[in-house]
1. Quick one: in the range 134-145, of everything that is surrounded by 19 or more Cβ atoms within 10 Å (Cβ to Cβ) and either touching a Lys or Arg at 6+ places or on another chain (Cβ under 6 Å) or touching a residue at least 60 places away in the same chain (Cβ under 8 Å) (or both), which residue is farthest from Thr167 (Cα to Cα)?
2. Being part of a helix (DSSP H, G or I), closer than 20 Å to Arg236 by Cα and touching a strand residue (DSSP E or B) at 6+ places or on another chain (Cβ under 8 Å), is that true of even one residue in the range 125-134?
3. What pairs come up if the first residue lies in the range 223-244 and is under 22 Å from Ser135 (Cβ atoms) and not assigned by TED's automatic domain parsing to the domain that holds Leu188, the second is buried (at least 20 other Cβ atoms within 10 Å of the Cβ) and not charged (D, E, K, R), and their beta carbons are under 8 Å apart, counting only those six or more places apart or on different chains?
4. Would you tally the residues in the range 114-133 being surrounded by 22 or more Cβ atoms within 10 Å (Cβ to Cβ), under 30 Å from Ala19 (Cα atoms) and more than 14 Å from the chain's Cα centre (by Cα)?
5. Could you tell me how many of the residues in the range 249-275 are assigned to a helix (DSSP H, G or I) and among the hydrophobic types (A, V, I, L, M, F, W, C)?
6. Give the residue that is nearest to Asp156 (Cα to Cα), with candidates limited to residues of the range 201-230 that are under 17 Å from the mean Cα position of the chain (by Cα) and assigned to a loop (DSSP other than H, G, I, E, B).
7. For the range 174-196, how many residues meet the condition of being surrounded by fewer than 20 Cβ atoms within 10 Å (Cβ to Cβ) and not small (Gly, Ala, Ser)?
8. Going by the conditions given, is Ser252 touching a His at 6+ places or on another chain (Cβ under 6 Å), farther than 28 Å from Ala153 by Cα and either at pLDDT below 85 or of a type outside the set (D, E, K, R) (or both)?
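The values are calculated or read from the model by the stated rules, or taken from the named source; none is laboratory data. The structure displayed is predicted, hence computed values, not measured ones. Don't worry about glycine lacking a Cβ; one is built from the backbone with ideal geometry, like all the others, and counts go over all protein chains shown.
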Amino acid sequence: MDMTPDPDTRYHWQLMRRAIDRLDRGRDLSLEDIAAEMGLSPAHFQRLFSRWAGVSPKRFQQYLTLGHAKALLESRHTTLATADAVGLSGSGRLHDLFLRWEAMSPGDYARRGAGLALTWDEVPGPFGPMILMASPRGIAGLAFSESVGTEAALTDLTARWPRARYTRDPAAIAPHAAALARGGAARLHLMGGPFQIKVWEALLRIPDGHVTTYSDIARAIGHPRAHRAVGTAVGRNPVSWLVPCHRALRASGGLGGYHWGLPVKRALLADEAARTGF
């Protein structure tokens, strides 16, 4: 899904964002009901939604259910210990895009961002506006401001590195946003503790359209009994969507938590399922 809608279709982009939110909040909505709420005829809404999402509204609604999460776990459960061996870790668009990443040094992390200059801006995202933040080394933060509001999203990110210097700089952020929109080369700068970095690195090995469990991640990083700590690290991922924490589920098939809300997690999984043909 393109992150930046064409200006001529921005209205439709916002309409589809509202439609997904409505589909997530209401189960078994008929095509006529959801089309009427969007102010369109059923045929027009069906064509528009299918062109935008790649599947029909009914099929997309099926992807939003808990049952789909369980089906994903049964059929597209990636065991991280074998992901590299079968070539999965490089098969997805985001994985190809973000093979280039580096972690903050432990010393820099301990200084809580002191001496670090971070720029940010609010940019269009796949499910509404988002805060994109970058250091000189690459993208360091991404928050779904659509879910919690711009101020809350910015507070969330800046609290992680309280001694850094923050500047809103659209010109500095624009190249990063453009790279994401066109699927071009970009770099991540992951800023966290050593344990968190291991967890986020494991998340980067989960291919598009697949999921794994907190327990699998714990085993993959050499701490098989630390699934609760893994869950905490997943929730502290500062680069939402790009480091795909939404692909981590409970072993039962439950969605687990998500820092930006379960509706966003369901929508991200549904979008990937639509794009990968699951």
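1. Applying the filter and picking the extreme gives Phe144.
2. Keep residues of the range 125-134 that are part of a helix (DSSP H, G or I), which gives none.
No, because not a single residue in the range 125-134 is part of a helix (DSSP H, G or I), closer than 20 Å to Arg236 by Cα and touching a strand residue (DSSP E or B) at 6+ places or on another chain (Cβ under 8 Å).
3. Listed pairs, sorted by first residue: none to list.
4. 2
5. Taking the range 249-275 as the starting set, the residues that turn out to be assigned to a helix (DSSP H, G or I) are 262-275.
Filter again for among the hydrophobic types (A, V, I, L, M, F, W, C), leaving 262, 264, 267-270, 273-274.
Of the residues in that region, 8 qualify.
6. Step by step, filter the range 201-230, then rank; the result is Leu204.
7. 5
8. On the way: touching a His at 6+ places or on another chain (Cβ under 6 Å): no; farther than 28 Å from Ala153 by Cα: yes; either at pLDDT below 85 or of a type outside the set (D, E, K, R) (or both): yes.
So Ser252 fails the test.
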